[in-house]
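In what follows, a structure is listed as structure tokens, so that the remarks can point back to it.
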Amino acid sequence: MTSLLSVDALRIDAPNDVPGDAASDVRNGTRRTILHDISFDMAAGETVGIVGESGSGKTSLALALMGLLPHGLRATGRVTFEGRDLLTLDDRTRRDLRGRRMAMVFQEPFTALNPRQRVGAQVAEMATAHGQRDGRRARLDAMAMLERVGLAEPEDRAQRYPHQLSGGERQRVLLAMALLLAPVLLIADEPTSALDVTVQAQVLEVLRDCQRERGMALLLVSHDLGVVAGTCHRTIVLHEGRIVENAATREIFTAPRHPQAAALVAAVPRTGPPGTRA
Amino acid sequence: MAARTWNRLLHDRPARVAAAVLAGAALAALLAPLISPFDPALQPDPVALRLVAPSWQHPLGTDPYSRDVLSRMLHGARISLGVAAGAMLLSATLGTALGALAAVVGGWADAVVSGLVDILIAVPRLLIIVALVATFGALSPWWLVVLLGGSGWLTTARIVRAELRDHLHREYVLAARALGATDWRITWQHLLPAVAPQVAVAAALALAAVIPLEAALSFVGLGVQPPLASWGNILLDGADYLTSAWWLVVFPVAAITCTVGAALILADRLRAAIGGERAP
């Protein structure tokens, strides 16, 4: 099995403080390492979960893969995606990959949409940004995708502004944007943690369906092991910037090797009848 | 959202009055050739008809050369408001473009633009213009537009830069980047629409600043040159007759005051209308 994405000894260095103060901290020589020696592979169509507590480096890992690390953070190592080393690609090629071959969905579905633009236009904008010159075609594709991700009454919703939609609807819009150009890798950073549980399940369902349909690989970042358990073949547990566990999800659930993984498993609320596992 | 700003503005009485005043002045300027009772440069009888007080024949009186003041006020509005509007457009465009360049490109571009703003803002505008006029001689109205607009973009650039730097760190911009949008596309699609109301406020303030500036230049003889009329040089013609011919002073000053006041009120109400929706 050739891998779609191969991360080899990825390391991210950062100043000690908040990213905003990067410059002064670098001058003071107080650098901190956010991620140490991260290595893993992903096959085409595979679903991998990344879990870990806040501050464990999950989001930095996702941003590094997309090439969107904030200023002042530096990634070293090797990230091979479809045979190319992402960290050495020029900006233009990298940007062209984003959205077309790899896409990302963010945690907060409100802040990730432009509050001043109708959501339908924002989805269609995705196609235009990647060279679709026919505006009507772009709108039609956008509408089809909004319907595909299960947005109720897409014709009506597309004409609305983000603040007029519910959290679940907004997250579906973001999914439609990310999926529009059929990327082979989707990175979802806590895609459901801002949603309530029923909506969470629906959004995950849409993700799984689209993934099965297109053979898209999914990297699901979450602090919620329950979400990961129901979705991912394999789970990587991050702790303080290191991979402490990388195994089949079932294995981690039944026999966690690292204490951190065990703690995460223990933190999953049991919702089934007594004696069963979530 | 922007729609809400405009909606709020439309229902704001001071804003509507101010907009009506500016629109009326603009309309008078545009229609000047049609509605002026006389040729603004015509001197029918410099002896018998000089300094005639307002009458049915000359509603705003005549000046020392027997020219009709109403006609000169209307044609002067063309020049004064035209120069002011042109300078406002130029400064808003320059300010937005340079502010966006500084914020989005950052690095050297930011250093150059911010440095330039810091230096120029310390030099009084009038001083630069007077120095240029002294060097190159009297200026045509087009050059006045270039000078006034070219020296008025500083605050707009500062505002745009600060606003865009804030927006650049919002998640929706990161999300757009994550989907492969270029800096140019992000600026054009997301950032500039977001600062449009602030630019409009800055432009209204620029208008309020430029009208008296042109009048002052024309009043001291460095701006619009006779026989072309502007509100400033009508005042200049009346300067020697302050006590005897009040109409030469009152009408141009009233015109300047009303348009500047209207522009200031509009800027203020617009800012209030934006303020109401700052929240998320």
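Values in this text are rule-based calculations from the coordinates and carry no lab data. This one's a predicted model, so the numbers in the text were calculated from it and none came from an experiment. No Cβ is skipped: glycine too gets one built from the backbone with ideal geometry, and neighbour counts run over all protein chains shown.
Does region B:66-146 classify as rounded, prolate or oblate by the C-alpha gyration tensor (a ≥ b ≥ c root eigenvalues; a/c under 1.5 gives rounded; else a/b over b/c gives prolate, otherwise oblate)? Since a/c reaches 1.5 and a/b is larger than b/c, the shape of region B:66-146 is classed as prolate.
Whole-Hz Karplus values for region A:228-233 come out as 5, 4, x, 10, 9, 5 Hz, taken residue by residue from phi with 6.51 cos²θ - 1.76 cosθ + 1.60 and θ = phi - 60°; glycine and proline positions read x. When the alpha-carbon atoms of chain B are used, the pair Rg, Dmax equals 22.0, 78 angstrom.
Among A:Val119, A:Val199, A:Val105, the residue with the largest mean-square fluctuation in a Gaussian network model of chain A, with springs joining Cα atoms closer than 10 Å, is A:Val199. When Lys and Arg each count +1 and Asp and Glu each count -1, what net charge do the other residues less than 13 Å away from B:Val113, Cβ to Cβ, add up to? Net charge around B:Val113: +1. Which shape class, rounded, prolate or oblate, goes with chain A when its Cα gyration tensor gives a ≥ b ≥ c as root eigenvalues, a/c under 1.5 marks rounded, and past that a/b bigger than b/c marks prolate? Note, shape of chain A comes out oblate. Shown for B:Thr5, A:Thr2: other C-beta atoms within 10 Å of each C-beta, ranked fewest to most, produce the order A:Thr2, B:Thr5.
Its relative contact order, with pairs defined as Cα atoms under 8 Å and 6+ residues apart, puts chain A at 24 percent. Fully extended, how many nm does the chain gain between B:Asp39 and B:Ala97 (0.36 nm per residue separation, minus their Cα-Cα distance)? Length difference between fully extended and current span is 16.8 nm.
If I build a Gaussian network model for chain A, linking alpha-carbon pairs within less than 10 angstrom, which residue out of A:Thr111, A:Thr76, A:Thr235 has the largest mean-square fluctuation? It is A:Thr111. Rounded to the nearest 10 degrees, the angle from helix B:141-150 to the longest Cα principal axis of chain B is 30 degrees. Counting charges near A:Ser193 (Lys, Arg +1; Asp, Glu -1) among other residues having Cβ under 10 Å from its Cβ returns a value of -4. Take each residue of peptide A:103-109, count the partner chain Cβ atoms within 10 Å of its Cβ, and average: the result is 3.
Once a ≥ b ≥ c are taken as the square roots of the eigenvalues of the Cα gyration tensor of region A:194-239, is the result rounded (a/c under 1.5), prolate (a/b larger than b/c) or oblate (a/b not larger than b/c)? It is oblate, given that a/c is not under 1.5 and a/b is not larger than b/c.
For chain B, the longest principal axis of the C-alpha atoms and the axis of helix B:247-275 are separated by about 20°.
Listing A:Ser3, A:Ser193, B:Ser230, B:Ser55 from fewest to most neighbouring C-beta atoms within 10 Å gives B:Ser55, A:Ser193, A:Ser3, B:Ser230. Please report the relative contact order for chain B, taking Cα pairs under 8 Å with a sequence separation of at least 6, and give it as a percent rounded to a whole number. With pairs under 8 Å counted, the relative contact order is 27 percent.
Close amide H contacts of A:Thr33 (hydrogens built in the peptide plane, cut-off under 5 Å, sequence separation of 5 or more or a different chain): A:Ala14.
Summing charges over neighbours of A:Gln260, with a neighbour being any other residue whose Cβ is under 12 Å away from its Cβ, gives -1 when K and R count +1 and D and E count -1.
Just tell me how shielded A:118-126 is by partners: mean number of partner chain Cβ atoms within 10 Å of each residue's Cβ, no decimals.
For peptide A:118-126, the averaged partner shielding equals 2.
Using a cutoff of 8 angstrom between alpha carbon atoms and counting only pairs six or more residues apart, the relative contact order for region A:113-182 works out to 44 percent. Based on the Kirkwood radius over alpha-carbon pairs, what value in µm²/s does the Stokes-Einstein equation return for the translational diffusion coefficient of region A:113-182 at 10 °C and 1.306 mPa s? Diffusion coefficient, whole number: 137 µm²/s. Around the amide H of A:Arg242, modelled in the peptide plane, lie the amide H atoms of A:His36, all under 5 Å away and 5 or more residues distant in sequence or on another chain.
Seen from all directions on average, region A:180-260 presents a Cα convex hull projection of 6.0 nm².
Phi angles of region A:207-214 translate, via the Karplus equation with coefficients 6.51, -1.76, 1.60 and θ = phi - 60°, into HN-Hα couplings of 4, 4, 4, 4, 5, 4, 4, 10 Hz per residue; Gly and Pro are given as x.
3J(HN,Hα) along region A:93-106: 5, 4, 5, 5, 5, 5, x, 8, 9, 10, 9, 9, 10, 9 Hz, from the Karplus curve 6.51 cos²θ - 1.76 cosθ + 1.60 with θ = phi - 60°, whole Hz, x for Gly and Pro. If you line up the long axis of helix B:69-105 against the longest principal axis of chain B, both from Cα atoms, how many degrees apart are they, to the nearest 10? Orientation of helix B:69-105: about 20 degrees from the principal axis.
Cα centroid separation, region A:180-247 to region B:1-58: 65 Å.
Over every pair of different alpha-carbon atoms in the protein assembly as shown, take the mean of 1/r and invert it; report that Kirkwood radius in Å.
Result for the protein assembly as shown, one decimal place: 27.8 Å.
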